[in-house]
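The values are calculated or read from the model by the stated rules, or taken from the named source; none is laboratory data. This one's a predicted model, so the numbers in the text were calculated from it and none came from an experiment. Please note: Cβ atoms are built from the backbone with ideal geometry, for glycine as well, and neighbour counts cover all protein chains shown.
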Amino acid sequence: MQTLPGVQSTGVSSFLPLAGALRYVYFCPEGMVCQGLGKDPVIAVRQITPDYLQTMRIPLLRGRTFNEQDIAGVKPVVIINQTVAQKYFAGQDPIGKHLANSRDKIQMEIVGVVGDVKFTGLNTPYIPEMYMPQAQNPAATMTLVVRSSSNPQPLIAAVRQKTAEIDPDLPFSNVASMTEVVSASVAQPRLTAQFTGFFAALALLLTAVGIYGVLAYSVTQRIHEMGIRMALGASRGEILKMVVGQGMKLVLSGLALGLVVSLAVTRLLASLLFGTSARDPLTFAAVTLLLIVVALLAAYIPARRAAIVDPIVALRYE
């Protein structure tokens, strides 16, 4: 595949990030007493080829990646992610330490530490993971990853042809760009966000209509009062300011109560968020400002009606 025009690098992995598949094993890190299957900690396992980490741009933090010498019959090696290094080798250099599968107890030397990768979902925490050389621990099914410097779509036919040259009966399916894989992994949260956004917009509309309705009714009930105030010297600006001010007092009281309730229930939304806190101050400030602007617009129309009332007509109003 690397001989194809436009291909920067290629790699193979037993599981692709965010593709919904994962394999766990019980393991025993060096320095801990092995308790056996069902009792030892678990770790996610991925078999990869040497160029996979480079192709996926997974950073090497310490040690080395796999090479062509990491094959069957030589010393088993493994690469761990940063979560494993911090959790089981805190304050130590994990390079040269060993991990063992709880089933076969074969010691595998740690030769590298790489950055954490979101494998199960963008909204899930990082998990302990280890990478094993495909040549030392073959997997039954693998995913080919090709990084291209240009549009990857024209490469699909070429990759399919190269695969057929190796084995015409080899299955070749589920072709997708990494952008499509990421998009598919967030399809459910995106749908939830769209529905939430729709109902939030509907609630905002109902809020504006409600504020307008309450203030319009209040102005209608107080037409006589407005006439008396204007007859005694109140200006149109003062009437406008009074009506808007009274409406905003109600709105600000409601916003204060709403913020308290929102802060209390944000934990229910935490699982739906990515890249932002459930109590993000910028979000709360933006929503509060938006509601104030909507309330001002909703209050202005009845306030303007009150300000243009003819005092003579208002005094006769019943």
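When you check LEU255 against the structure, is it surrounded by 15 or more Cβ atoms within 10 Å (Cβ to Cβ), in contact with a helix residue (DSSP H, G or I) (Cβ under 8 Å, 6 or more places away or on another chain) and either assigned to a helix (DSSP H, G or I) or assigned by TED's automatic domain parsing to the domain that holds ALA298 (or both), yes or no? It is true that LEU255 is surrounded by 15 or more Cβ atoms within 10 Å (Cβ to Cβ), in contact with a helix residue (DSSP H, G or I) (Cβ under 8 Å, 6 or more places away or on another chain) and either assigned to a helix (DSSP H, G or I) or assigned by TED's automatic domain parsing to the domain that holds ALA298 (or both).
When each of GLN221, GLN246 is tested for being loosely packed, with under 11 Cβ neighbours inside 10 Å and either among the polar types (S, T, N, Q) or over 44 Å from the mean Cα position of the chain (by Cα) (or both), the lone residue that passes is GLN221. Restricting region 26-41 to residues that are surrounded by fewer than 18 Cβ atoms within 10 Å (Cβ to Cβ) and touching a strand residue (DSSP E or B) at 6+ places or on another chain (Cβ under 6 Å) leaves a set whose member that is farthest from HIS98 (Cα to Cα) is LEU37. Would you check if there is a residue in region 197-217 being in contact with a Phe, Trp or Tyr (Cβ under 8 Å, 6 or more places away or on another chain) and either within 27 Å of ILE292 (Cα to Cα) or assigned by TED's automatic domain parsing to the domain that holds VAL146 (or both)? Within region 197-217 (the criterion being in contact with a Phe, Trp or Tyr (Cβ under 8 Å, 6 or more places away or on another chain) and either within 27 Å of ILE292 (Cα to Cα) or assigned by TED's automatic domain parsing to the domain that holds VAL146 (or both)), the answer is no, since none of the residues qualifies. Cβ-Cβ distances below 7 Å connect the following pairs, each with a first residue in region 126-149 that is assigned by TED's automatic domain parsing to the domain that holds MET56 and assigned to a loop (DSSP other than H, G, I, E, B), a second residue that is modelled with pLDDT of 90 or more and charged (D, E, K, R), and a separation of six or more residues or different chains: TYR126/ASP116; PRO128/LYS87; ALA135/ASP70; GLN136/ASP70.
Those residues that are surrounded by 11 or more Cβ atoms within 10 Å (Cβ to Cβ), part of a loop (DSSP other than H, G, I, E, B) and within 28 Å of the chain's Cα centre (by Cα), I need them from region 150-185; list them, please. Of everything in region 150-185, those that are surrounded by 11 or more Cβ atoms within 10 Å (Cβ to Cβ), part of a loop (DSSP other than H, G, I, E, B) and within 28 Å of the chain's Cα centre (by Cα) turn out to be SER150, PRO152, VAL175, ALA176, SER177.
Output yes when any residue across region 99-109 is of a type outside the set (Asp, Glu), crowded, with 18+ Cβ neighbours inside 10 Å, modelled with pLDDT of 90 or more and touching a Phe, Trp or Tyr at 6+ places or on another chain (Cβ under 6 Å), and no when none is. Yes, some residue in region 99-109 is of a type outside the set (Asp, Glu), crowded, with 18+ Cβ neighbours inside 10 Å, modelled with pLDDT of 90 or more and touching a Phe, Trp or Tyr at 6+ places or on another chain (Cβ under 6 Å).
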